[in-house]
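The values are calculated or read from the model by the stated rules, or taken from the named source; none is laboratory data. All values derive from a computational prediction rather than experimental measurement. A quick note on method: Cβ atoms are made from the backbone with ideal geometry, for glycine too, and the neighbour counts reach across all protein chains shown.
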Amino acid sequence: MHSVSESAISIDEGARTRRMQRTRAALVEHARTLTARRGLAGFTVEELCEHVGVSRRTFFNYFASKEDAVLGNPPAALTPEDRDEFVAGGDRTGPGSSPALLRDIARLAVALFERNDFTREQHRLRCEIVRSEPQLLARMMSLGESHQQDFAELIAAREGLSADDPFVRVTVRFVAGLIHDAVDEFFRTPDSPPFRDLLERDIGCAQRLLEHPLDLHDPTGIR
């Protein structure tokens, strides 16, 4: 049974988490609004902090740069528990043989998506800003590559492979494409199904595509 003091600590931690989420969301929203109005070079971190009512030091507790605030990075991250559970789900009968790998990747993707607080309007504004600010596009691509490398290392640890193994590289890029398609449709379509359903549908389409093994040495292309 939890003591009264433990319950109080839990409540305080919950309140602190909600306060941090509100501060982060306010920084992102105001950074995007200012960028849409003036361009990325049209305001300073100090000015953004003044709009939100926080210190410069507080800003850098959330974001490494003004660009990251506009992009909303870092997004919700995998927790140590997420990572441990994912790696532990691997089948050690042989390298790269985990039968539940795709399912568990999908579950991680859904968990991350549901922890993020993007609205359709914020996503639309983010896309418009990125198209108009090449510097942001370069930053977003760099972050995307970093996230993919991190995920490759996680899959490699689970599957008993090296991070540059072709199986790992193809898996990361293949699944990233499916996730991107599901995210794009979710935000683009006002009455879209839940992200979870969209991703499950896209994975099903990919499985149908790959159900017949290829033999490119065969003139017909199919064994």
Near pairs, Cβ below 8 angstrom, 6+ apart or cross-chain, from the range 10-39 (more than 16 Å from R115 (Cβ to Cβ)) to any residue that is among the aromatic types (F, W, Y) and in a helix (DSSP H, G or I): T23/Y62; L27/F59; L27/Y62
Counted residues, the range 1-21 - those being surrounded by 11 or more Cβ atoms within 10 Å (Cβ to Cβ) and modelled with pLDDT of 60 or more: 2
Check on F151, over 17 Å from A111 (Cα atoms) and at pLDDT 90 or above: no
Qualifying position, being surrounded by fewer than 18 Cβ atoms within 10 Å (Cβ to Cβ) and assigned by TED's automatic domain parsing to the domain that holds T79, among L154, L136, L102: L102
